[in-house]
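Everything below concerns the one structure shown next.
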Amino acid sequence: MCFLLHFTSQPCLSKHCVDASSLLATSGIDPRLLATVTNAYLGTRVYRDILHVSGVYNGAVGDTHRADIPSPVNVRMMVPGADNLAETFTLNTRTGTFSHELQTTDCTATQQIYAHHSLVNLMAFSITIRRSAHTTQPITIQLQTPFVPQSQDLDLHQGPDFQGAHYVYGQTLVPEVEGGPRPTVHMLWTPVPPALMLCGEEQEQSWEFLTAVAESEEEAKKSYNEGLSLIAAGSLHASHAHAWAMLWRGCCIDLDGALPLRQALYGCLYYLLSAIPPQGRPGFLFHGISPGGLANGTRGEDYWGHVFWDQDTWMFPNILLFYPEAARAILEYRIRTLEGALQNAREQGYQGAKFPWESAATGREVCPEEIYGAQEIHINGDISMAFEQYYFTTRDEKLFREDGGWRLVGAVAQYWCSRMVWSEEEQCYHIKGVMPPDEYHSQVDNSVYTNTVAQRSLNFAADVARDFFIPVPEEWVDCAEKVKVPFDAERKYHPEYDGYSPGDPVKQADVVLLGYPLMHPMSPEVRRNDLEMYEPVTEQHGPAMTWSMFAVGWLELKEVQRAQSQLSKCFSNITEPFKIWVENSDGSGAVNFLTGMGGFLQAVLFGYTGFRITKTCLRFNPAFPHDIHKLKITGVSYFGNKLEFTITKEEIRIKVMESSLNPPASPLEAVLEESGQRVLLHEGQSISLPVVAGWIQRLSTKAV
């Protein structure tokens, strides 16, 4: 599950110094496409002079953006007067470490940069100089840093040094909402000297530099001390690498197929896993995942670090499949912002909760353009669907009974009911004046995606109420049954909205989402018609996640090569050498576009396997291209069990790798759809099944 991404410069014959910035310029690499090093709390792009802290935004609604914090880790090595200088830049996805290596005839200097994956308040870099020639001359590596402890978004003050570290602290300048909190940032960092020297008698030496960032002075100092202790024990980077190793051990996608596909998958997984909360810390306060990740999102770029449906619809299912604890943290973020969503609904004149199209810290709408926040209301259903997938995968009733999940799900249902209007003419409910996922159209009535996801929200809320023996409001049932889902009976396809004309351009995946992830009931004929109707009119250079969903649709219909041709379009959004995705294939939009990565992963994790999360079971129905001979997915989580699926052309092998003891995992069985054959799943044992449709269910339940 490891691969290295790198580029190497040609040997430099000049006697002038060559630093990283000039190398990057001469290599023609856009600095926005450089590797990112992030964890759930801190993030930066390598060789960038700012870093970001999760949940720390500056600016009032409409101007809210991730606060720029000066980065002490932006340090570049130089070798004065070196002949035959060669440089290599490498991203190791196994250890979450970016490396820069300078090699001359006399020495090799290596810099490693990383955001510590378990001690998430720490970023670090180290420099190691190793003598490579039989010389006793001192070797000097110059260090260049543009770091200045100032910020356009925080009022920073210098505090007293601590344990040899410099210290600044301060608050953001402008709260997100009037009278709201202004987050405080405390930062300690190891001073960076202008040069490091390997003396004549030394063969090798390493230096380590820490940056600790926290919301309180106490936490910053505690984290810095933890880092110093690990440095003293020689295990700072080792502890970080171990955390990554444990993370990779819990999830794996291994396929026997083309190398570019495998590399794309591993890259997507790496960047997505870089964004999730650390394992074993259920109380960690998580602030969501933005389209460009924590390394991006400054003012005017990468959607300013806001959280969209991208998190809940495109990234969440992949995270849930492997790491339910991290998925729960995403849902907890939505629960914490529920009060802001309730206020949004009141301001719109509706009941319940209206989640913002763009969310930051408070749950109030922070989208700079009013039209999206007012009309792109499908976000409510997208969030509810994430709660549904989590509930049907874990049955974590505590999240709903005690931790606010039920209140949120009920408030979303209440909003939908208040948002619908009854049509006497059509004898059904309408949802008017919306923008669908296809943002080329606004102020439309009865967006088929919006109405269908609203219907699903209402049905899920009713299901949870019944499970908890709570009376189900009649209007929930009535609105779910009678909301209009546009359908053209003559052409047998779903119009995108009332009045949609076949052939009208579409920005991105919209109607095709009805089949997956919404799983709206339809015949194979209608599913095919939807795909064929919208595939040619969808923007060819639009958002990267779109073609993944067309691929999933064709896989459902077992048109595997047609699916692969759609998935292949995604490769135009993947940049080299660090597999950074761009939102649009022309290079515009957000960079490190986790949304596109999430869609690509779903095409494999849910497309090739046919996985579908339902109320009663985890369905499977494999289909993948002819040039893929085997697909192995390790770490699939279902009711406290970790499963391994190995799929070939001849068989499906399923193994329960481990089962949790606290709380105890539910015993499982596999059921084949056509024959009804049932096979018990025992921990540590594999079963072999034919390559047909079926499902995994709890032993005490009957799937439907």
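Below, the figures for the structure above:
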| read-out | value |
| --- | --- |
| Among 654-666, 270-282, the order from most to least packed when residues are scored by Cβ within 10 Å on average | 270-282, 654-666 |
| The chain - percent of accessible surface contributed by carbon and sulfur, probe 1.4 Å | 50 percent |
| For the chain, size of Cβ-based charge dipole, Lys and Arg +1, Asp and Glu -1, in debye | 1720 debye |
| Cα-centred dipole magnitude for the range 249-405, charges only on beta-carbon of K, R (+1) and D, E (-1), debye, nearest 20 | 440 debye |
| Residue-normalised accessible area of the range 76-139, given per residue in Å² at a 1.4 Å probe | 32 Å² |
| Amide H contacts of L668 (H built 1.01 Å from N, under 5 Å, at least 5 apart or other chain) | L681, L699 |
| Value of D in µm² per second that Stokes-Einstein yields for the chain, Kirkwood Rh from Cα pairs, at 4 °C (1.567 mPa s) | 49 µm²/s |
| Accessible area of the range 225-284 divided out per residue, in Å², using a probe of 1.4 angstrom | 38 Å² |
| Mean accessible surface per residue for the range 335-479, computed with a 1.4 Å probe while every protein chain stays in place, in Å² | 36 Å² |
| Listed pairs K482/K642; K492/K642; K354/K398 exceeding 31 Å between Cα atoms | K482/K642; K492/K642 |
| Extension reserve of the D254-V537 stretch, reckoned as 0.36 nm per residue once the Cα distance is removed | 98.5 nm |
| Dipole of the chain, positive direction: furthest Cα of W554, T97, V477, with charges on the beta-carbon | T97 |
| Selection of GluC sites (Glu not before Pro), the range 445-501, meeting DSSP coil and at most 16 other Cβ within 10 Å | E490 |
| ³J(HN,Hα) computed for each position of the range 334-343 - Karplus, 6.51 cos²θ - 1.76 cosθ + 1.60, integer Hz, glycine/proline x | 5, 5, 5, 9, 4, 4, x, 5, 5, 5 |
| Built amide H within the under 5 Å cut-off of L643, gap 5+ | G635, V636, S637, Y638, M657 |
| For S565, net neighbour charge (Lys/Arg +1, Asp/Glu -1) across residues whose Cβ lies under 13 Å away | -1 |
| Of A245, T172, Q685, farthest towards positive along the dipole that unit charges on Lys, Arg, Asp, Glu beta carbons give the chain | Q685 |
| Label point at I687 placed 7 Å out along Cα→Cβ; residues across the range 628-653 whose backbone nitrogen lies under 16 Å | 638-639, 641-647, 651-653 |
| Positive-end residue of L85, T362, A345, charge dipole of the chain with Cβ unit charges | L85 |
| Karplus-derived HN-Hα couplings along the range 354-368 (A = 6.51, B = -1.76, C = 1.60, θ = phi - 60°), whole Hz, x at Gly and Pro | 10, 5, x, 4, 10, 10, 10, 9, 9, x, 7, 5, 10, 5, x |
| Over the range 405-542: Rg over Rh, Cα atoms, Kirkwood Rh | 0.99 |
| Counted charge near T135, where neighbours are those whose Cβ lies closer than 15 Å (Asp, Glu -1; Lys, Arg +1) | -3 |
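The values are calculated or read from the model by the stated rules, or taken from the named source; none is laboratory data. Note that the structure is a prediction, hence the values are computed from the model and not measured. Please note: Cβ atoms are built from the backbone with ideal geometry, for glycine as well, and neighbour counts cover all protein chains shown. Heads up: the accessible areas ignore ligands, DNA and RNA and are worked out on the full protein's heavy atoms, side chains in. Shrake-Rupley method; radii C 1.70, N 1.55, O 1.52, S 1.80 Å.
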